[in-house]
1. Given Cα positions, please report Rg to Rh for region 81-143, the hydrodynamic radius being the Kirkwood one.
2. Nearest 20 debye, what's the magnitude of the dipole of region 156-259 about its Cα centre given +1 on Lys and Arg Cβ and -1 on Asp and Glu Cβ?
3. Quick check on region 554-676: take the gyration tensor over C-alpha atoms, sort the square-rooted eigenvalues as a ≥ b ≥ c, and tell me if it's rounded (a/c under 1.5), prolate or oblate.
4. Using a cut-off of 15 Å between beta-carbons, work out the net charge of the residues near Ser554 (Lys and Arg +1, Asp and Glu -1, Ser554 not included).
5. Going by the alpha-carbon gyration tensor, a ≥ b ≥ c the square roots of its eigenvalues, is region 607-653 rounded (a/c under 1.5) or, if a/c is not under 1.5, prolate (a/b greater than b/c) versus oblate?
6. If you keep only loop residues by DSSP, which trypsin sites (Lys or Arg not before Pro) in region 124-155 have at most 16 other Cβ atoms within 10 Å of their Cβ?
7. Can you compute the charge dipole magnitude of region 535-676 about its Cα centre, using +1 on each Lys and Arg Cβ and -1 on each Asp and Glu Cβ, nothing else charged? Give it in debye, rounded to the nearest 20.
8. With a/c under 1.5 counting as rounded, go ahead and sort region 76-216 into rounded, prolate or oblate using the C-alpha gyration tensor (a ≥ b ≥ c being the square roots of the eigenvalues; past the cut-off, prolate if a/b is larger than b/c, else oblate).
Amino acid sequence: MKRPTTIILTTVITVLMGCQGHRYGTGYNQGVTDSITAVLYDLMSSKPSEALAMVDSLERDGIYGEGLANCRRAQIYSEQYQPRVSGIYAQRALKDKKLRPGQRYFAYNLLINSAMNVGNTKRALEYATEALNATKRDTTHDAREYAPDFMVCIAGCQMKLNHHKEGNANYEQAYLMYEEILRNAKSFSWFYPEMMLCVDAISENANIGDYTTAHHWLPRLQRSYLRTTTTNDIPLHVKGDCTAEVEMVQAKLFLREGKRQEAERHYQAFLQTDFAQSPYGHKTAAAYLEMAGRWKELEQAVAYADSFYRDNASYHTMDYLSQVLARRFKSQRRLGHHAEALNTAATLISLLDSVEERTEKNNAAELAVIYETQEKEQKIADQQSSLSQQRWLATACTLLLLSIFFVVYTLYRRKAHRKLQRAYDQLEETTTAKERIESELRIARNIQMSMVPQEFPQRPGLDLYALMIPAREVGGDLYSYVLHDDELYFCVGDVSGKGVPASLYMSQATRMFHALASQHLKPADIAAKMSDELAQGNEQGMFITMFIGLLQLSTGHLDYCNCGHTPPILGCGTEQGHFLEMESNVPIGLWPGIQFVGEQIESIKGQTLFVYTDGLNEAEDSDHNQFGDERLLQCLSHTVPVSSQKLTEYVLQQIEQHRQDAEPNDDLTMLCLRIE
């Protein structure tokens, strides 16, 4: 892989796309597989011990083979940042001859990541080379898609090991491989890895001063960026993130060349992106400002980063020492603020002990797991060697940081100053991979947003608009529609829970709604079939409330079925809006065999139908006061229905005014429909 975190992004995208491709077991339909995957992915980060127990159970029942079970165990330990244990299980997975090609290459990715995360670049290179050779012996589609990723990983490792000629040759080969598989690609997610390859090649060559080779990649970067950002399915936020990535790598290249005017032009373009105003954007800007020697601006950027770390209680980490304190010390010293620099150095030294203690505790916990999975004698020796190396590095860092303290008092001691600079450079190198994590994980939220319709029918007499705002990175609300000639199927749903499990359930429900609507079924029949399918293997008791409607556009006749969902509002302004009186059907997915009762309205022509999730009426301000049903009905009653979009945006504005500075407490979805 190109970086240790690529596998994380790949995993998130795979989950959000509904786990398409190979099934995880045999004899189980896609609905059961999706439910199993939803539960397992939720447990991986929040309850890893329960996730491991679930994998053991799936293996005993024959749903998972031995290789896939070990692959999942490796993934769980990777989520918990225990790379050595993750590597052990990834190696075991690769020994299973029955492992499918896609699963085998996924295990290789985990193995490569485990080596990179413990700083063993040579071992990562060996694994990537082995994986690439495996793809050459394989004629499957999976091999063709994974091969360029492994080639990029090889190139990156070679550049880090100072084999620059070989690294650049393999970057070139990887680019040609991407070009081959992208001939018929249309989605931005296919073009994005090639764009990041160009970013890596430029960055690595700029770091070693090979500006000729770096400039060789610039036209390719521009072409790949254009192809990525002009695809029809790229979300606006993702497009902005790509722009930020491309502008910053060029700014750093020209700055290293001494072309400050061109560097500044690209840096200003970077600042125009939304990403530049995020905490991650300020950290990225700080690296550039430090290179440029713009100490006052660097001090401001570091202040933003400091606030982010403290708000997230993550200031007892090496990342905080290098990203915030070390840069703050350097800017204060360069600006002549010696007293402040002294305080920063003292804080740096005091935090080093707690960072070292936390690292040793994490390593000790990982060691205990290794004892259970490998021969104790060998693993004890490996761990002792690792702990010894870490203590030596910690001692060296402590000595260097003590030197910083004396530099503040004796500014003219040049030898101590050089030690300080080397310490800062080492800290900076340890954060490179983490900055890449932040760059790629920003895309996860936007992946899900692209799964709901962003365009609506442009048909005379029909005015339809909807929007969804997840409370977290990803959520469980949904809306969709299917238009067949004179029939408009539409739905709004709310999955129990939040986060990745809810988003998986949401993607599965959306797919089933489209499939059943294409069969021209009544809303009550669609609800019954969805409930039967989603209830299979639903051990976690997940469910979805949903309003399903079928509108005849010529007559205005509305068939609908409400499945435990909040009642919609019919009418607004002078139309005397009111909540629909509906049957009390249960939510979808609780158990199979439920009979849902459908209802109908003879005609809703000339009236506005407003469907929403409870994230609207239950939106809370900082004192936990809810927006409420009465306020919502009053809001619509005093609104002239100019268009569905303007009405929806007006309600959203009222919600934001009520919430003020309070964080969203639930996903929010609205769908507004009017037919003349």
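1. 0.97
2. 180 debye
3. oblate
4. -4
5. On the way: a/c = 2.09, a/b = 2.05, b/c = 1.02.
Prolate is the answer for region 607-653, as a/c is 1.5 or above and a/b outweighs b/c.
6. Details: sites: Lys136, Arg137, Arg144; in loops: Arg137.
Counting only loop positions with at most 16 other Cβ atoms within 10 Å, the trypsin sites (Lys or Arg not before Pro) in region 124-155 are Arg137.
7. 560 debye
8. Values: a/c = 1.97, a/b = 1.28, b/c = 1.54.
It is oblate, given that a/c is not under 1.5 and a/b is not larger than b/c.
The values are calculated or read from the model by the stated rules, or taken from the named source; none is laboratory data. Bear in mind the structure is a predicted one, so any value in this text is a computation, not a measurement. Quick reminder, even Gly has a Cβ in these numbers, built from the backbone with ideal geometry, and neighbours come from all protein chains shown. Calculation scope for accessible area: heavy atoms of the full protein, side chains included, ligands and nucleic acids excluded. Shrake-Rupley method; radii C 1.70, N 1.55, O 1.52, S 1.80 Å.
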